[in-house]
Amino acid sequence: MMFRATLPRLARQIARTVPRYQAPIARPLTRSSLLQSRRITPAFQAARCYSAHSGLSHEEVQGRIMDLLKNFDKIQDTSKLNGESHFHNDLGLDSLDTVEVVMAIEEEFSIEIPDKEADAIHSVKQAVDYILAQPDAH
Amino acid sequence: MPRLSGLQKDVLSFYRECLRAVRQKQSDTRENFRAFARSEFRKNIGINKKDFGTIEYLLRNGRRKLETYQDPGIRNISR
């Protein structure tokens, strides 16, 4: 029967191809892999390369900040939320809310933003630019 | 947003300090502390920004409260 003949061949083929496949978790995060899938934030990363630059892309940072703002209870009207939104003029946040947003961004990217710099962040764009300039944000 | 005065910046900086202190609390009650800090600041949102005496008094008062609630012995708070 033809089927019997193909089966071992198929098994050999699989055995040859499988070990070549590398689990994405063991592979260090490179820029190219980030570009392929925008939201590559693994919930669990077995080995983290502390020396390597985290290589956050502009889209990823912006996406994470927008998600955070979408979940912020003070923003009722999310239709004005985009990459250029101003916290006060577009989203209607006051200075206390802005402090909360900046603190939430701190937590999201595990960094600490000094008062002086935090006071200067008033829009999504400014926040994205700030995070991209931080080498230890991830 | 209009430029902020030094005192306004102090208030925002103190708000930040409070929110940082909230992070030190245990995760199950953290939201209660956050809600408390939020409501304490919101209570006085209507104060005229030129009313320096009142704002300074509230800041002093707030700092004392922060010191009290920062104690790890205080595990939960209710509004």
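The values are calculated or read from the model by the stated rules, or taken from the named source; none is laboratory data. Since the structure is predicted, the reported quantities are computational estimates derived from the model, not experimental observations. So basically every Cβ, Gly included, is an ideal-geometry build from the backbone, and we count neighbours across all protein chains shown. Ligands, DNA and RNA are stripped out before the accessible areas are found, and what is left, the full protein with its side chains, is counted by its heavy atoms. Shrake-Rupley method; radii C 1.70, N 1.55, O 1.52, S 1.80 Å.
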Given the residues B:Leu58, B:Leu19, B:Leu4, which is the only one that is closer than 24 Å to A:Pro114 by Cα, aliphatic (A, V, I, L, M), assigned to a loop (DSSP other than H, G, I, E, B) and within 14 Å of chain A (Cβ to nearest Cβ)?
B:Leu4
Farther than 14 Å from A:Val99 by Cα, open to solvent by 80 Å² or more (accessible area, probe 1.4 Å) and away from chain A (no Cβ under 11 Å): does that describe B:Lys50?
yes
Restricting to the stretch B:22-31, what's the tally of residues that are more than 11 Å from every other protein chain (Cβ to nearest Cβ), assigned to a helix (DSSP H, G or I) and in contact with a helix residue (DSSP H, G or I) (Cβ under 8 Å, 6 or more places away or on another chain)?
1
For the stretch A:80-107, how many residues meet the condition of being among the charged types (D, E, K, R) and crowded, with 18+ Cβ neighbours inside 10 Å?
3
Selection within the stretch A:59-76 - in contact with a Leu (Cβ under 8 Å, 6 or more places away or on another chain) and assigned to a helix (DSSP H, G or I):
A:Glu60, A:Val61, A:Met66, A:Leu69, A:Lys70
So B:Arg34 fits all but one of (1) away from every other protein chain (no Cβ under 12 Å); (2) surrounded by 15 or more Cβ atoms within 10 Å (Cβ to Cβ); what number is the exception?
(1)
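The rows are residues; the columns are (1) within 11 Å of chain B (Cβ to nearest Cβ); (2) charged (D, E, K, R).
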site	(1), (2)
A:Ala104	yes, no
A:Lys116	yes, yes
A:Val124	no, no
A:Val128	no, no
Selection from the stretch A:108-118 of residues that are under 22 Å from B:Gln8 (Cα atoms) and open to solvent by less than 40 Å² (accessible area, probe 1.4 Å):
A:Ile113, A:Ala118
